[in-house]
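Laboratory data are not the source of any read-out in this text; all were calculated from the coordinates shown. Keep in mind that this is a model prediction, so the values were computed, not measured. Reconstructed Cβ throughout: ideal geometry from the backbone, glycine too, with neighbour counts over all protein chains shown.
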Amino acid sequence: MNASQASRVTWKNVPTQTITAGGVTFAYRELGSDNPGPPVVCLIHLAAVLDNWDPRVIDGLAAKHRVITFDNRGVGASSGAPATSMEQMAQDAITFIKAMGLDEVDLFGFSMGGMVAQEIVLMEPRLIRRMIITGTGPAGGEGISQVARVTYLDMLRGLLTFQDAKQFLFFTRSPSGIRAGKEFLQRLKERSENRDKEITITALRAQLKALKHWGAKKPADLSKVHQPVLVANGDSDRMVPSKNTLDLARRLPNSELIIYPDSGHGAVFQFHADFVPKALKFLAR
């Protein structure tokens, strides 16, 4: 791919590719600049496939970095049985990263992906240079074991009101939150061709099981994580209560914290115009 072709590739039209490692065929997409630094590997949220990444965030990061996203094992277009623990997801991510020929990466983990990122950096610290983790919390964090209950409740709310459950799960019910949710959901539809497969009920249940275990798990010693970490969330996250984000930032010895006002779980999508420049500045240091 030459420079002019690369410049036209965006999240809307980047092709989906596959790579096989550890008995799993991983579906992935990559785009972005030929920055010689470590690529940014993105770790997705509960019930999500590749198409659930916000185009403004991915394209924004890709303006300065090589960005790689992938489907977890057994999710979307990736093969295999879905993982039932964060540790398994982390090991799968490490397998994928190494199969891509990468020996150092930056991680961007959102929600469940931020939990997986914590496991990765503890398992393979030399693989990780920097991390951005948003809408997430530490193992054993308050309310995390209740994510399944909140998720099912808002899925029901969505069905009853003919709306996407993410409107309730990711955004506040204030006028600005409702507007931000509608804009986010419209952006997710911008890719109209070659879309990913939706998550199955089996894979969703496996992920909810992993979240329940994570919420009941003894907190990890994050004082040994010396990589710089940018931690972000909204001030009213009802999926992973915002106090967990504050707790996580305190536990990480080299962290920076961003809390966005009048916003919930999807704050970095609601405030993408502010978040992306801050993330790029953090990654450039």
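The stretch between Lys243 and Asp262, if pulled fully straight at 0.36 nm per residue, gains 5.4 nm over its current Cα-Cα span.
Look at Met123, Met155, Met86 and count the other Cβ atoms within 10 Å of each Cβ; fewest to most, that gives Met123, Met155, Met86.
Ignoring aspartates and glutamates fewer than eight residues from Lys278 along the same chain, the ones with Cα atoms less than 20 angstrom from its Cα are Asp54, Asp59, Asp106, Asp235, Glu256, Asp262.
The aspartates and glutamates whose alpha-carbon is closer than 16 Å to the alpha-carbon of Lys217, local same-chain residues fewer than 8 away aside, are Glu87, Glu119, Glu142, Asp247.
Footprinting exposure proxy ranking of Ile201, Ile132, Ile258, fewest other C-beta atoms within 10 angstrom first, gives Ile201, Ile258, Ile132. Filter the cross-link list Lys12/Lys243; Lys12/Lys166; Lys166/Lys209; Lys98/Lys224; Lys64/Lys212 down to pairs whose alpha-carbon distance in this structure exceeds 25 Å. From Lys12/Lys243; Lys12/Lys166; Lys166/Lys209; Lys98/Lys224; Lys64/Lys212, over 25 Å: Lys12/Lys243; Lys64/Lys212.
Could you sort the peptides 36-46, 247-257 by per-residue average Cβ neighbour count (10 Å cutoff), highest mean leading? If you can, show how the numbers build up before the last one.
Values: 36-46: 21.7, 247-257: 17.5.
Averaged packing, sorted descending, gives the order 36-46, 247-257.
Taking region 59-93 and a reference point 7 angstrom along Cα→Cβ of Ala273, the backbone N atoms nearer than 16 Å belong to 60.
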